[in-house]
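No value in this document is a laboratory result; all are computed from the given coordinates. None of the values given here were measured: they were computed from a predicted structure. Positions of Cβ are backbone-derived with ideal geometry, glycine not excepted, and every protein chain shown enters the neighbour counts.
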Amino acid sequence: MPIKIGVPKEVLEGEQRVALDPGVVTRLVKQAGAEVLIEKDAGKSAHFLNEAYEDAKLVDSADEVYQNADVVLKVQAPTDEELNKMREGQLVISFMDPYRKHDTVKALAEKKINSIAMELIPRISRAQAMDALSSQAGLAGYKCAIQAAELSPGFFPMLTTAAGTIRPAKVLVVGAGVAGLQAIATAKRLGAQVEAYDIRPDAKEQVESLGAKLIDTGVDAAGEGGYARELTDEEKAQQAEALAAKLKEVNAVITTAAIPGRPAPKIISGDMVADMKAGAVIVDMAAETGGNCELTQAGETIVTDNGVTIAGPVNIPSKSPVHASEMYAKNLLNLVNLMIEEGELKPDWEDEVLAGGCLTRDGEIKHEGVKSVIGG
């Protein structure tokens, strides 16, 4: 029988994305031979109305999705209520936040629900088209640069007017991964003078290719999988000294530094903020995992006593749900296509992509990194 793929409406407050857009549904139906069940209004908040899903079967409730689908595709990790609707042996694919949501991971294993966490997909060349972390991070970097420009009390570009010349804003981007590079590119397009900081040595060429300058603090912390390793105390002090001097000069800072499975590294201290000039802006993309600035408050925008604005946006990709959903849906499409053979679900769990992304299977936690943190 043809594989049945189900997409329920996201239930997390503020989540506007949907796992599949109409274009990807059409490809799954006509090219992969799947039957796709979409809960009515699942795409509404992403501006994909029911009538746009002409190749899907619209169902009235999430219950119907979970009762009938072989594979459930979601954006956010399932809630307790959603977990109770799932069936043994069902496959669910979504972001899972496994290093923080231990109870969810344990419940998936106990209920013998097979699951793939999109953030665990190996960051290898073969899996680039399935790398949802990168697709969503790029969008987040763009949005943070736009937010920095919006919060700034001055212009980003240089302007020559009858009243004189306004110099371009100085913007510092901390972290030159996918999100940071997009933030750099966007701030440059807005006309700002951009510098970047990253402790990985291979970031220099990428930063300079976008017309920005990389700050050299003398710290090299290249890690595995394209991420930076955690710094030693001595390295943190060296980094802090160089960054503190730079922060006094800038009009806006966008921080994007992250370490998988750990709280965001604290890079900007309260003392550094106190030395920044009035009107400066910090947009902390890492707010959800604790923030790169120690004063960041997740989901809030605050103004310090010395007039520095600190924004801690959360669930940033959801703020551009159309393109975020389209990119995420293509990531899912490429992943699901690995598991479909002649219209049927036939995953090869020895495949390095599926094995790397597998969170739970047959009643066990399969990902070694997550298992080491949770146990079991």
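Can you find, among Tyr328, Met276, Ser372, the residue farthest towards the positive end of the dipole of region 227-376? Put +1 on the C-beta of Lys and Arg, -1 on that of Asp and Glu.
Ranked along the dipole, the leading option is Met276.
Order these by the 10 Å Cβ neighbour count, fewest first: Leu159, Leu120.
Fewest-to-most Cβ neighbours within 10 Å comes out as Leu159, Leu120.
Report, for region 137-318, the % of DSSP beta bridges that are antiparallel, rounded to 5.
Around 25 percent of the beta bridges assigned by DSSP in region 137-318 are antiparallel ones.
Would you look at the GNM of the chain, springs on alpha carbons closer than 10 Å, and say which of Met86, Met327, Met339 moves the most?
Taking springs between Cα atoms under 10 Å, the residue moving most is Met339.
Kindly provide log₁₀ I(q)/I(0) values, in the same order as q = 0.08, 0.11 Å⁻¹, from the Debye equation applied to equal alpha-carbon scatterers of region 137-318.
-0.22, -0.41
So in the chain, what percent of DSSP beta bridges are antiparallel if you round to the nearest 5?
Taking every DSSP beta bridge with both residues in the chain, the antiparallel ones total about 25 percent.
In debye to the nearest 20, how big a dipole does region 137-318 give about its Cα centre with +1 on each Lys and Arg Cβ and -1 on each Asp and Glu Cβ?
660 debye
Can you give the helix-only mean residue ellipticity at 222 nm for the chain, where every DSSP H stretch with n ≥ 4 adds -39500 (n - 2.57) and the sum goes over all residues, rounded to the nearest 500 deg cm²/dmol?
Roughly -9500 deg cm²/dmol at 222 nm, from the helical runs in the chain.
Could you list Val373, Val71, Val253 so that the one with the fewest beta carbons within 10 Å of its beta carbon is first and the one with the most is last?
Val373, Val71, Val253
Report the far tail of the P(r) of region 46-191, meaning the percent of Cα-Cα pairs longer than 19 Å.
Roughly 67 percent, once rounded to a whole number.
Stokes-Einstein at 10 °C, 1.306 mPa s, Kirkwood radius from Cα pairs: D for the chain in µm² s⁻¹?
73 µm²/s
Which ordering of Thr304, Thr160, Thr296, Thr309 is given by a fewest-first count of other beta-carbon atoms within 10 Å?
Thr160, Thr304, Thr309, Thr296
Per q in 0.17, 0.20, 0.25, 0.27 Å⁻¹, report the Debye log10 I(q)/I(0) for region 297-376, using one uniform scatterer on each alpha carbon and no solvent.
Values returned for q = 0.17, 0.20, 0.25, 0.27 Å⁻¹ are -0.90, -0.98, -1.09, -1.14.
In whole Hz and in residue order, list the ³J(HN,Hα) couplings for region 164-170 that follow from phi through the Karplus curve 6.51 cos²θ - 1.76 cosθ + 1.60, θ = phi - 60°; x for Gly and Pro.
Running phi through 6.51 cos²θ - 1.76 cosθ + 1.60 with θ = phi - 60° gives x, 9, 9, 6, x, 5, 9 Hz.
Given region 68-214, what count of lysine pairs have C-alpha atoms under 30 Å apart, with each pair 8 or more places apart or on different chains?
Going through region 68-214 pair by pair, I get 23.
Name the residue from Ala192, Leu139, Ile166 whose Cα lies farthest towards the positive end of the charge dipole of the chain, charges +1 on Cβ of Lys and Arg and -1 on Cβ of Asp and Glu.
Result: Ile166.
At R0 = 45 Å, how high is the FRET efficiency between Lys266 and Leu58 if r is their beta carbon distance? Nearest 0.05 is fine.
Approximately 0.45, to the nearest 0.05.
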